[in-house]
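Since the structure comes first, as structure tokens, the remarks are kept for the end.
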């Protein structure tokens, strides 16, 4: 009997619990709540996905511009290489055409010479052939001379035939080469068209982005903040470069710039490139949106592809891409002086190079620029920006 007691208790507990479980499972309100909870979770996941997508869309405008500029620069580089290959192939075709004309003239002369020999041989054959000519004289010396003459003529004929064949083979070879080069030109031109179409699409993307920055306040303000951050990063970077130059003397803030070397040419430095200043140094207020910014340098309007030069002798301490500035070159002129050149289409110097005043160091472009081809130029002393117009000659 004692063994039945625990079993009976378990049975009673199970019977009491079963209706409650069944009731909970069959409760329609509970099912609705579970369904609503599931829908809420699904909506939450969708909102999170949308937030992540929005975050991606709100990615750095400078990063997007950099991606476009890099792609565009690469496409322009490939187009330049393709243009070079096309010009090379065209020169090769012109050379081959000249050789064909020369060989055709040469072969025409050889054909005429062979025709004359054939006519002579035909006449000789009509007179009975070579043997009667040899045996016509009784003098053995005369006969030997005839044989030598005929042997020499045969050798000349053989040489004429070999030269004619060689010229004909040369013509066939040149014509085959022209066909190959012509086919290559056709492929290269088709590739150029594809690359140019890609470049045009990238340029259109760039124009669309810059139009938003120009016309929409939210994009303009975002870009202004990012450019301010980029300027701070550049300033910190220059200070790091300065710290690596052991020869630079420590100068307290506010101290006068030393009048040695670079410092002796204030107001007399040559301009890095010809053009007019289209964006000035200093505090700026946007005429439409009222955004306040500070420019550490100037923009000199210049045509794309124009050279720009070092304003003073120095050493190249940086070349490469810098977000917000595109292709950038930094020169160290000693005594704490630096000059910066940005938005370059091409860089013609390498880090560590020593450059002379007036030496071409790059080509004007629009990498990182928001307003088309131009050269961005800065003068810095001890990491602090200077007004470049006070350093450049007024006759620039």
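In segment 255-271 there is at least one residue matching the filter, namely being modelled with pLDDT of 90 or more and within 31 Å of the chain's Cα centre (by Cα). Tell me, yes or no, whether segment 283-297 has at least one residue that is surrounded by fewer than 21 Cβ atoms within 10 Å (Cβ to Cβ), within 30 Å of residue 75 (Cβ to Cβ) and either touching a helix residue (DSSP H, G or I) at 6+ places or on another chain (Cβ under 8 Å) or in contact (Cβ under 8 Å) with a residue 60 or more places away in the chain (or both). No, there is no match, as no residue in segment 283-297 is surrounded by fewer than 21 Cβ atoms within 10 Å (Cβ to Cβ), within 30 Å of residue 75 (Cβ to Cβ) and either touching a helix residue (DSSP H, G or I) at 6+ places or on another chain (Cβ under 8 Å) or in contact (Cβ under 8 Å) with a residue 60 or more places away in the chain (or both). Look through segment 348-373, keep the residues that are surrounded by fewer than 19 Cβ atoms within 10 Å (Cβ to Cβ) and assigned to a strand (DSSP E or B), and return whichever of them is farthest from the chain's Cα centre (by Cα). Ranking the qualifying residues of segment 348-373, first place goes to 354. Among the listed residues 324, 336, 275, identify the single one that is farther than 25 Å from residue 228 by Cα and touching a residue at least 24 places away in the same chain (Cβ under 8 Å). After ruling out the rest, the residue left standing is 275. Here residue 282 fulfils each of the conditions (1) at pLDDT 85 or above; (2) touching a strand residue (DSSP E or B) at 6+ places or on another chain (Cβ under 6 Å) apart from (2).
The values are calculated or read from the model by the stated rules, or taken from the named source; none is laboratory data. Here the structure is a predicted model, which means the values were calculated and not measured. Here Cβ is always computed from backbone atoms with ideal geometry, including for glycine, and neighbour counts include all displayed protein chains.
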